[in-house]
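Participant: Below are the structure tokens for one structure; questions will follow.
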Amino acid sequence: MPRKPRLFLPGATYHVYCRVARGEFVFEDDFEAIEFVETLRKVKGLDGWTVFAWCLMGNHYHLVLKTRKVDLWRSMARLQGTVARNYNGRHRYLGRLWQSRYRARVIDSDDYFRQVVCYFHLNPVAAGIVDDPADFRYSGHRELMGLCKPFVIDRRATLAGFCPSDEKNFTDAYLEWIRSVADAKWATTDIKDLPWWNRPKDLDEIADAELHLKATAFDGTSLAENRVEIDLDDFALRFEQAAGLTVRELASRSRSKNRIQGRIEFATLAISRYRYRICDVADLIHKHRSSITLWLNKGLLTENTNLEFARRLDQLDEQISR
């Protein structure tokens, strides 16, 4: 039976969760745990995530993150696929590492955001691993508390969700919520028994389109994205008009700076923003799929580190979508 399609909202904030197959405690091995966190950091950099919180337990992980232009499913395929391939390669295993598809819930209120961030930063305490979440290495709590240099967490963005009006009290406000969640009756329950987790009618439901298209994320940004639906050939024509590069020029063997830049822009816009498949983009401009993937990764990384490039993509996107 085919899987039920899942709705993902650009710019939404999610609670994402997944377990290891057969409940194996893969991440009790420090090497495997560090590899997971390194991969998480790389995916965040490539796809422009804002990471508000994370916790890696022995056999599962929790993330609270906000997407940018790249669909959540693409980023999660990169994260879980990379971790699984590397783990299986090191141990010469066959088969899946993850128990099932990851679970994801759109976070659509301040209280939901604060509760879930605190809940899984308290997971190591609830599991009896530590008495203080600050003593646990593999979560974002230490980063939020300033006990180590931020590695994955976007510290200011997270703490602003607990005290948006007074920067001096950011950490104190977060600690107050940590204490209140620790005292809650559901603080040590399984995820499926959490007061917010059972709201969807089935486990594969991410959000109701009619309910959420006009919703805003907890920080007030819109979840809706107005984008015209066009086929790939029309997209290529519009890109040509906006960027001044034809498909033939993109497909040529020329390695001029202008054409290399144009290929990166084309791949990044086509795949990350207009959701065309890598194989279809490769067929259109007669390039190998690995080349398209390389340009896409280069574009995603540059978009998040180079403001001028990001503005250039936004300008092209605006002209294409008219």
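The values are calculated or read from the model by the stated rules, or taken from the named source; none is laboratory data. Treat the numbers as computed from the prediction; the structure is a model and nothing was measured. Because the Cβ atoms are built from the backbone with ideal geometry, glycine has one as well, and the counts that use them run over all protein chains shown.
Participant: Return only the number of the condition from (1) out of contact with any Lys or Arg (no Cβ under 8 Å at 6 or more places or on another chain); (2) of a type in the set (Ser, Thr, Tyr); (3) without any contact (Cβ under 8 Å) to a residue 24 or more places away in the chain that Tyr276 does not satisfy.
Facilitator: (3)
Participant: Looking at region 279-290, which of its residues are modelled with pLDDT of 90 or more and either in contact with a Cys (Cβ under 9 Å, 6 or more places away or on another chain) or surrounded by 15 or more Cβ atoms within 10 Å (Cβ to Cβ) (or both)?
Facilitator: Once the filter is applied, which keeps residues that are modelled with pLDDT of 90 or more and either in contact with a Cys (Cβ under 9 Å, 6 or more places away or on another chain) or surrounded by 15 or more Cβ atoms within 10 Å (Cβ to Cβ) (or both), region 279-290 yields Val281, Ala282, Leu284, Ile285, Lys287.
Participant: Within region 22-29, is even one residue buried (at least 16 other Cβ atoms within 10 Å of the Cβ) and either over 23 Å from Arg273 (Cβ atoms) or touching a His at 6+ places or on another chain (Cβ under 9 Å) (or both)? Can you show your working first?
Facilitator: Let us first name the residues in region 22-29 that are buried (at least 16 other Cβ atoms within 10 Å of the Cβ), namely 26-27.
In the following step, the residues that additionally are either over 23 Å from Arg273 (Cβ atoms) or touching a His at 6+ places or on another chain (Cβ under 9 Å) (or both) were identified as 26-27.
Within region 22-29 (the criterion being buried (at least 16 other Cβ atoms within 10 Å of the Cβ) and either over 23 Å from Arg273 (Cβ atoms) or touching a His at 6+ places or on another chain (Cβ under 9 Å) (or both)), the answer is yes, since at least one residue qualifies.
Participant: On to the next question. Does Arg68 fit the bill of being surrounded by fewer than 23 Cβ atoms within 10 Å (Cβ to Cβ) and within 18 Å of the chain's Cα centre (by Cα)? Reasoning before the result, please.
Facilitator: Values: surrounded by fewer than 23 Cβ atoms within 10 Å (Cβ to Cβ): yes; within 18 Å of the chain's Cα centre (by Cα): yes.
Yes.
Participant: Here's something else I'd like to know. Are any of the residues in region 60-73 β-branched (Val, Ile, Thr), farther than 14 Å from Lys42 by Cβ and part of a loop (DSSP other than H, G, I, E, B)? Lay out the reasoning, then the answer.
Facilitator: In the first step, residues of region 60-73 are kept if they are β-branched (Val, Ile, Thr); the result is 64, 67, 70.
Among the residues that remain, those that are also farther than 14 Å from Lys42 by Cβ are: 64, 67.
Okay, now just the ones that are also part of a loop (DSSP other than H, G, I, E, B), so 67.
Yes, region 60-73 has at least one match.
Participant: What number of residues within region 251-291 satisfy the criterion of being assigned to a helix (DSSP H, G or I) and within 17 Å of Leu313 (Cα to Cα)?
Facilitator: Here is the first cut: in region 251-291, the residues assigned to a helix (DSSP H, G or I) are 251, 257-273, 278-285, 289-291.
Now restrict to residues that are within 17 Å of Leu313 (Cα to Cα): 257-273.
Residues meeting the conditions: 17.
Participant: Looking only at region 105-148, count how many residues are in contact with a helix residue (DSSP H, G or I) (Cβ under 8 Å, 6 or more places away or on another chain) and modelled with pLDDT under 85.
Facilitator: 3
Participant: In region 71-91, how many are within 16 Å of the chain's Cα centre (by Cα) and among the basic types (Lys, Arg)?
Facilitator: The first filter runs over region 71-91 and keeps only residues within 16 Å of the chain's Cα centre (by Cα), leaving 71-83.
From what is left, the residues that are among the basic types (Lys, Arg) are 74, 78.
Residues in region 71-91 being within 16 Å of the chain's Cα centre (by Cα) and among the basic types (Lys, Arg): 2 in total.
Participant: Mind telling me which of the residues Leu94, Leu9 ends up being part of a loop (DSSP other than H, G, I, E, B), modelled with pLDDT under 95, within 14 Å of the chain's Cα centre (by Cα) and more than 26 Å from Asp135 (Cα to Cα)?
Facilitator: Numbers: Leu94 fails: within 14 Å of the chain's Cα centre (by Cα).
Testing whether each residue is part of a loop (DSSP other than H, G, I, E, B), modelled with pLDDT under 95, within 14 Å of the chain's Cα centre (by Cα) and more than 26 Å from Asp135 (Cα to Cα) leaves just Leu9.
Participant: On the basis of being closer than 15 Å to Val106 by Cβ, in the same structural domain as Val83 (by TED's automatic domain parsing) and either in a strand (DSSP E or B) or modelled with pLDDT under 95 (or both), does Leu46 make the cut? Walk me through it before giving the result.
Facilitator: Values: closer than 15 Å to Val106 by Cβ: no; in the same structural domain as Val83 (by TED's automatic domain parsing): yes; either in a strand (DSSP E or B) or modelled with pLDDT under 95 (or both): yes.
Criteria not met by Leu46.
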